[in-house]
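This report refers to the structure that appears directly beneath it.
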Amino acid sequence: MPVVVIGATGTVGGAVARALLKDHRFTVRAVTRTPSTDQARALAEEGAVVVAADLNDTRSLCRVMEGAAGVFLTTNFWEHLSKQREIAHGMNAVDAAVMSNVHHFIMHGSDPTGADEPKCGYMDAKAAIEVYLRETSESLPFTVVKFPFLYENITSFFKPHLISPGLYTLPIPMESVPLDIMALQDIARCVVNIFLRPKNHMFRAVSLAGERMTVQHMADHLNKLFDDRTITYVKITPPDFATFDFQGSQDIAAMFTFLQKAQPRDTRVTRRIFHSVTIFDKWAMDNRDKLLAAMRGDDDTPR
Ligand SMILES: NC(=O)c1ccc[n+]([C@@H]2O[C@H](COP(=O)([O-])OP(=O)(O)OC[C@H]3O[C@@H](n4cnc5c(N)ncnc54)[C@H](OP(=O)(O)O)[C@@H]3O)[C@@H](O)[C@H]2O)c1
C-alpha cells in the first residue's frame, strides 16, 4: 500500500514513516522540500522513497500523491509561527488528496482552544484544517488523530530544568491537573493500525492517550532512575509560561490553559487500536541516557 507521509523528515512524520516501513505492508513516499538533507537520506536508506514537494504548492503535492492509497499529514507551525500559513498548508494537502483520489487521509489534528480562552495558533490551525477536511469528506475518506503530550517532550523542549545544584524541575504548566501522555512510537503504531483497519475510524476523530498523570507523578517516576539528582515539580502556571521570552511561548501557555480544563481522554480507546502501549515508567527507564543528555544540555532537539 503506497502511503505519502508529509513531514517525514521531522520528528512526528519521521516516527510515522518508520512505523509504516517497519510493518512491511506499506511503501512510504517521504515528502520533503529538500531531498539532499541528512534526514531525507536516512529515510531513503531505511527504505522510503524520498519525494520532493512543498505544502505551499498544491501541484507538487498532487505529483507525489499520484496513485497513493494513503496520506499522513502533520503540519508545522514552528517554522513560521503563523496559524493562517499552517491552515493554508493543510488545505493544500487536502485539496491535493481529493484531486489524487486518495483512499484514506490521516491528519495529525487537535481540539480548538475555547471561545473565551487564550488562543493557541498550532491547535486552532489543526482544528481549522479538520473543519475543511470534513467539508470535503464526501470525496476524501479521512481520520483525524489528536495527539496527547509526548513522553519525548521530556527529553527535548520540556526537559528537566536545573534550578539549584542537583535539583531539577519539569517546566510543564499543568499545576496539579493530570496530563494525557503517550510515546511517539506508539502514536505512530496507532496511525499504522488505523491505515490497516480503517473501518471504525473513517470520517472520525480519535483522541489518543497512553497514560494520564500529574507532572509531579512523572517526576516521581524519573526520580527512580537517578541517585545523584532530584527531579521535582515546582508549580508553574500558564500565565507564568506566557511571560517566557521566546516566540510561541503564549501559544504553548494557551495550550496548557486548554489542557487544564480538557476532558480526560479514555486510554481504553487507544488500547483498542494498539494494545501494547508503553507505560511512562518503562519509557523513562529505556530513555535514561537521553534524559541525562538532555539535562547536560547536549540533546539536539531544541525548538
Ligand atoms: N503533541 C506533542 O507533544 C507534540 C510534540 C512535538 C511536536 N508536535 C507538533 O507536531 C507537528 C510537527 O512537529 P515536528 O516536531 O515533527 O516538526 P519538525 O521536526 O520540525 O519537522 C517539520 C516537518 O515539516 C516539514 N515541512 C515544513 N514545512 C513544509 C512545507 N512547506 N512543505 C513540505 N513539508 C514541510 C519538514 O520537511 P522539510 O523541512 O524536509 O521540507 C519536516 O519534515 C507540529 O505541529 C508540532 O507542533 C506535537
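The values are calculated or read from the model by the stated rules, or taken from the named source; none is laboratory data. From a predicted model like this one, the values you see are computed outputs, not experimental measurements. Heads up, the Cβs are rebuilt from the backbone with ideal geometry, glycines too, and the neighbour counts pull from every protein chain shown. Side chains are part of the model used for accessible areas, which takes the heavy atoms of the whole protein and leaves out ligands, DNA and RNA. Shrake-Rupley method; radii C 1.70, N 1.55, O 1.52, S 1.80 Å.
Before moving on, here are some points about what is shown:
- Number of residues in the range 7-30 that are touching a helix residue (DSSP H, G or I) at 6+ places or on another chain (Cβ under 6 Å) and among the β-branched types (Val, Ile, Thr) equals 3.
- Residue match in the range 115-127 (condition: touching a residue at least 24 places away in the same chain (Cβ under 8 Å), open to solvent by less than 20 Å² (accessible area, probe 1.4 Å), part of a loop (DSSP other than H, G, I, E, B) and not charged (D, E, K, R)): yes
- Evaluation of LEU43 against (1) assigned to a helix (DSSP H, G or I); (2) in contact (Cβ under 8 Å) with a residue 40 or more places away in the chain; (3) within 11 Å of the ligand (Cβ to nearest atom); (4) crowded, with 24+ Cβ neighbours inside 10 Å (one fails), failing number: (2)
- Conditions (1) among the β-branched types (Val, Ile, Thr); (2) in contact with a helix residue (DSSP H, G or I) (Cβ under 6 Å, 6 or more places away or on another chain); (3) more than 9 Å from the ligand (Cβ to nearest atom); number of the one not met by VAL49: (2)
- Qualifying residue in the range 59-66 (condition: within 11 Å of the ligand (Cβ to nearest atom), open to solvent by 80 Å² or more (accessible area, probe 1.4 Å) and touching a residue at least 40 places away in the same chain (Cβ under 8 Å)): no
- LEU73 being more than 23 Å from GLU135 (Cβ to Cβ) and open to solvent by less than 50 Å² (accessible area, probe 1.4 Å): no
- Residue among LEU222, LEU208, LEU196 that alone is within 15 Å of the ligand (Cβ to nearest atom) and closer than 23 Å to ARG265 by Cβ: LEU208
- Residues of the range 136-169 that turn out to be in a strand (DSSP E or B) and open to solvent by less than 30 Å² (accessible area, probe 1.4 Å), as a count: 9
- Number of positions in the range 52-72 that are aliphatic (A, V, I, L, M) and over 13 Å from SER100 (Cβ atoms): 2
- Tabulated pairs, the range 20-36, first over 15 Å from LEU61 (Cβ atoms), second open to solvent by 70 Å² or more (accessible area, probe 1.4 Å), C-beta under 8 angstrom, 6+ apart or interchain: LEU21/GLU46; ARG25/MET1; PHE26/MET1; THR27/MET1; THR27/VAL49; VAL28/VAL49
- Among the candidates VAL131, VAL192, residue that is in contact (Cβ under 8 Å) with a residue 12 or more places away in the chain and either on the phi < 0 side of the Ramachandran plot or part of a strand (DSSP E or B) (or both): VAL192
- Residues within the range 22-40 that are within 11 Å of the ligand (Cβ to nearest atom) and part of a helix (DSSP H, G or I), tallied: 3
- Single residue of the range 75-86 satisfying the filter (among the polar types (S, T, N, Q) and under 19 Å from VAL144 (Cα atoms)) that is nearest to the ligand (Cβ to nearest atom): ASN76
- Counting only helices (runs of 4 or more DSSP H) that fall entirely inside the range 221-303 and contain at least 2 residues that are among the aliphatic types (A, V, I, L, M), within 30 Å of ALA205 (Cα to Cα) and in contact with a helix residue (DSSP H, G or I) (Cβ under 7 Å, 6 or more places away or on another chain), the qualifying elements are 249-261.
- Test: residue in the range 87-109 that is acidic (Asp, Glu) and more than 9 Å from the ligand (Cβ to nearest atom): yes
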